[in-house]
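Student: Sending over a structure as structure tokens; questions will come in a sec.
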Amino acid sequence: MHDGLRSTAPSGGRAVQRVAIVGGGIGGLALAAALDPRRFAVTIYEAEPARARLGGGLVLWPSTMRALERLGGAKPLRDNGIEVRGGIHTLQGAFVRSAPDLGLLMVARPVLLAALQAAVPSSVRVEESTIHDPRTLDADVVVGADGVRSVVRGLIEPGRAQRLPTPYVALRGPVHDAVAADEEGEYWGPGALFGVVGAGGREGYWFTTHRSALQEPLAVPDVVGEFRRHLGRAGAPVIDRVLASAGRETTATRMWTTPALRRYVRGRYVVIGDAAHAMTPNLGRGACDAILDATSLADALAAENLTRWQARRVPVTQAARITAGLVMRTALLDRGHAARDRLMRGLPG
């Protein structure tokens with residue numbers, strides 16, 4: 001193969017490539033589902049399979065749904081997803097602007113993972129194993145789909161192996177009580193952000209973000225209390241209701257990102273998803289770009305041309321990483337937020 005990759009012994013007149021996927025999350029499963037089992041012998045190495053049961057809502061863009069249609073995994077997502085509607089409000093509850101209708105769908109992370117697992121061919125081997133040194137893997141291609149803490153990334157850009165902390169912490173949880181249509185959306189304000197999706201009688205999701213010096217592991221009550229202090233006298237009734245419901249299903253995490261990468265391929269090593277471009281969640285692109293990385297990488301491996309794949313995926317995903325960070329900083333502006341709100345009102349819907 002090109003880019004320093006080698007072939008194994010031929011099978012039926014065609015070389016079978018051995019692909020080791022480090023990480024059995026969204027990107028890893030999507031890649032395993034997209035690779036032709038007649039041409040690729042695939043092994044997934046996943047350290048924590050139980051994580052598939054965890055997680056809140058994920059946004060899927062139309063381009064990602066088209067990729068999932070190709071894998072045969074779109075129907076359960078359409079059946080169980082929630083259309084993302086609403087708009088942008090201030091934390092005082094004032095409406096700023098409507099959200100454009102982009103055809104976004106929010107699904108539960110376990111539902112997405114189950115759909116991807118169902119699409120993975122039975123020939124794919126799955127090993128519950130922690131990979132500390134990917135160089136020991138006996139494979140023609142080693143793909144790091146192992147998230148922001150990736151052990152593969154350092155083999156591609158050694159100086160950018162470590163994840164980067166952000167000043168933000170997040171709360172995420174399900175919405176069990178009714179949310180009115182005019183309450184949906186994101187609430188932006190000085191130093192804090194709140195969002196909720198799920199009007200129309202369907203269980204939805206909520207999230208918060210604020211700047212924090214709290215250290216991991218984070219306790220949900222501590223993060224909720226700090227978020228309330230950030231709000232001060234600001235807030236809308238839906239925020240008060242949701243925060244009052246925070247419980248065992250609520251998660252509290254610090255946000256981490258990856259350093260800027262100039263390449264996703266070196267020799268037989270490749271990174272996709274958060275291993276390559278972990279970003280703040282403001283664009284709803286994390287799961288989407290992991291799936292698009294994976295399905296396009298499957299095509300590139302079949303065509304034996306990773307150079308072209310890298311040239312396409314690096315600019316678009318690194319631009320999304322940068323833009324997501326800019327949107328986060330804009331949403332949490334301590335100063336100039338009145339000018340920001342005027343700007344948002346003037347943007348086309």
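Student: Of the candidates 74, 287, 311, which one comes out as most mobile in a Gaussian network treatment of the chain with C-alpha springs shorter than 10 Å?
Tutor: 311
Student: Another question, then. Using the heavy atoms of the protein chains alone and a 1.4 angstrom probe, what is the accessible area of the chain per residue in square angstrom?
Tutor: Working: 16100 Å² over 349 residues.
Roughly 46 Å² per residue, with all protein chains present.
Student: Sticking with this structure for a sec: Could you work out what % of the accessible surface of the range 75-183 is carbon and sulfur, using a 1.4 angstrom probe and leaving DNA, RNA and ligands out of the count?
Tutor: On the way: 2760 of 5460 Å².
Ligands and nucleic acids excluded, carbon and sulfur reach 51 percent.
Student: While we're here: Put 90, 323 in order of accessible area, largest first, 1.4 Å probe: what do you get? Show your work: numbers first, answer last.
Tutor: Details: 90 15, 323 60 Å².
The ranking, largest first, comes out as 323, 90.
Student: Could you tell me the relative contact order of the chain? Use alpha-carbon pairs under 8 Å, at least six residues apart, and round to a whole percent. Intermediate values should be presented prior to the final figure.
Tutor: Values: 711 pairs, mean separation 80.1, N = 349.
Normalised by residue count, the contact order of the chain is 23 percent.
Student: Can you give the accessible area of residue 132, probe radius 1.4 Å, in Å² rounded to 10?
Tutor: 150
Student: With each pseudo-label sitting 7 Å past Cα toward Cβ, what's the residue 181-residue 39 distance in nm, one decimal?
Tutor: 4.7
Student: Tell me the label-point distance for the pair residue 323, residue 125, using the 7 Å Cα-to-Cβ offset, in nm and rounded to one decimal.
Tutor: Placing both labels 7 Å beyond Cα along the Cβ direction yields 4.1 nm.
Student: Going by alpha carbons, how many degrees (0 to 90, nearest 10) lie between the helix axis of 220-231 and the longest principal axis of the chain?
Tutor: Orientation of helix 220-231: about 50 degrees from the principal axis.
Student: In the range 259-285, which residues have a backbone nitrogen under 13 Å from the label point lying 7 Å from residue 216's Cα in the Cα-to-Cβ direction?
Tutor: Nothing falls inside the zone, counting backbone N under 13 Å.
Student: Now for a different question. Compute the separation of the alpha-carbon centres of the range 161-218 and the range 232-304 and state it in Å as a whole number.
Tutor: Cα centroid to Cα centroid, the span is 14 Å.
Student: Continuing with this model, one more query. Grab the beta carbon distance between residue 70 and residue 118, set R0 = 22 Å, and tell me the FRET efficiency rounded to 0.05.
Tutor: Numbers: r = 14 Å, r/R0 = 0.65.
The calculated FRET efficiency here is 0.95.
Student: I would also like to ask the following. Can you compute the helix-only [θ] at 222 nm over the chain? Use -39500 (n - 2.57) per DSSP H run of at least 4 residues, normalise by all residues, nearest 500 deg cm²/dmol. Mind showing how you got there, number by number?
Tutor: Details: 11 runs with 118 residues, N = 349.
Calculated at 222 nm, the ellipticity per residue is -10000 deg cm²/dmol.
Student: What share of the DSSP beta bridges in the chain is antiparallel, in percent to the nearest 5? It would help to have the intermediate numbers written out before the result.
Tutor: Working: 38 of 59 bridges.
Once the DSSP bridges in the chain are tallied, antiparallel ones form about 65 percent.
Student: Can you tell me the alpha carbon radius of gyration of the chain divided by the globular rule-of-thumb value 2.2 N^0.38 Å?
Tutor: Its radius of gyration relative to the 2.2 N^0.38 Å reference: 1.02.
Student: If you add up the charges near residue 72, with Lys and Arg at +1 and Asp and Glu at -1, over every other residue whose beta carbon is less than 15 angstrom from its beta carbon, what do you get?
Tutor: My count for the surroundings of residue 72 gives +1.
The values are calculated or read from the model by the stated rules, or taken from the named source; none is laboratory data. The shown structure was predicted, so the numbers you read here are calculated from the model rather than taken from an experiment. Please note: Cβ atoms are built from the backbone with ideal geometry, for glycine as well, and neighbour counts cover all protein chains shown. Heads up: the accessible areas ignore ligands, DNA and RNA and are worked out on the full protein's heavy atoms, side chains in. Shrake-Rupley method; radii C 1.70, N 1.55, O 1.52, S 1.80 Å.
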